[in-house]
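Comments concern the structure below.
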């Protein structure tokens with residue numbers, strides 16, 4: 001079954017793109033990943049991962065909050081909606097394998113990651129760490145809607161760029 005189309009609106013006066021009322025920017029994949037690589041080279045992978053985690057967590061939480069209000073959804077439905085929208089926007093194909101918003105746990109399979117595509121399957125390391133904060137922020141929002149505040153952490157269990165798997169696998173659990 002094909003995903004429904006993403007509703008993109010372009011303001012004729014400003015050229016601003018938006019989806020569900022949120023401003024968007026369309027950039028080539030290589031542009032984004034080349035910037036990612038340049039930051040890694042300048043400050044290191046670990047420092048970049050720390051910065052991206054907090055920014056990603058905050059952004060995912062905000063996005064989920066806005067989308068929940070726009071579409072009248074809550075809990076696990078918000079998390080699944082977020083994964084579907086990320087999949088529709090070219091980041092990767094995100095498949096929720098397990099999800100318990102009340103417990104603060106999730107397992108997500110990621111195929112066709114933009115990072116694996118650009119770094120290559122023989123990069124020899126995990127390269128999809130930008131997604132970690134996104135999963136934490138989205139699941140944090142879903143859990144708080146159920147009255148839970150877990151303080152979550154995410155881990156990239158496997159990455160296709162390591163050369164040992166054909167997909168990436170992430171887990172989110174309470175700290």
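The values are calculated or read from the model by the stated rules, or taken from the named source; none is laboratory data. As the structure is a computational prediction, the values presented were derived from the model and not from experiment. Reconstructed Cβ throughout: ideal geometry from the backbone, glycine too, with neighbour counts over all protein chains shown.
Six or more apart or on different chains, Cβ under 8 Å: which pairs go from a residue in the stretch 146-175 that's at positive phi to one that's surrounded by fewer than 21 Cβ atoms within 10 Å (Cβ to Cβ) and assigned to a loop (DSSP other than H, G, I, E, B)? Could you list them?
Final answer for the pair search is 151/175; 163/121; 163/122; 163/123; 163/124.
Provide a single number: the residues in the stretch 51-76 that are surrounded by 15 or more Cβ atoms within 10 Å (Cβ to Cβ) and free of Cβ contacts under 8 Å to residues at least 12 places away in the same chain.
1
I'd like the full set of residues that are buried (at least 21 other Cβ atoms within 10 Å of the Cβ) and assigned to a loop (DSSP other than H, G, I, E, B), limited to the stretch 92-125.
92, 101, 104, 113
Please work out if residue 128 is within 25 Å of residue 27 (Cα to Cα) and more than 12 Å from the chain's Cα centre (by Cα). Walk me through how you get there before you give the answer.
Working: within 25 Å of residue 27 (Cα to Cα): yes; more than 12 Å from the chain's Cα centre (by Cα): no.
No, not satisfied.
May I ask you to say which residue of 164, 107, 121 is farther than 21 Å from residue 19 by Cβ and out of contact with any strand residue (DSSP E or B) (no Cβ under 9 Å at 6 or more places or on another chain)?
On the way: 164 fails: out of contact with any strand residue (DSSP E or B) (no Cβ under 9 Å at 6 or more places or on another chain); 107 fails: out of contact with any strand residue (DSSP E or B) (no Cβ under 9 Å at 6 or more places or on another chain).
Of the residues listed, the single one that is farther than 21 Å from residue 19 by Cβ and out of contact with any strand residue (DSSP E or B) (no Cβ under 9 Å at 6 or more places or on another chain) is 121.
Just to be sure, is residue 85 at pLDDT below 95, in contact with a strand residue (DSSP E or B) (Cβ under 9 Å, 6 or more places away or on another chain) and surrounded by fewer than 17 Cβ atoms within 10 Å (Cβ to Cβ)?
No; evaluated as a whole, the condition is false for this residue.
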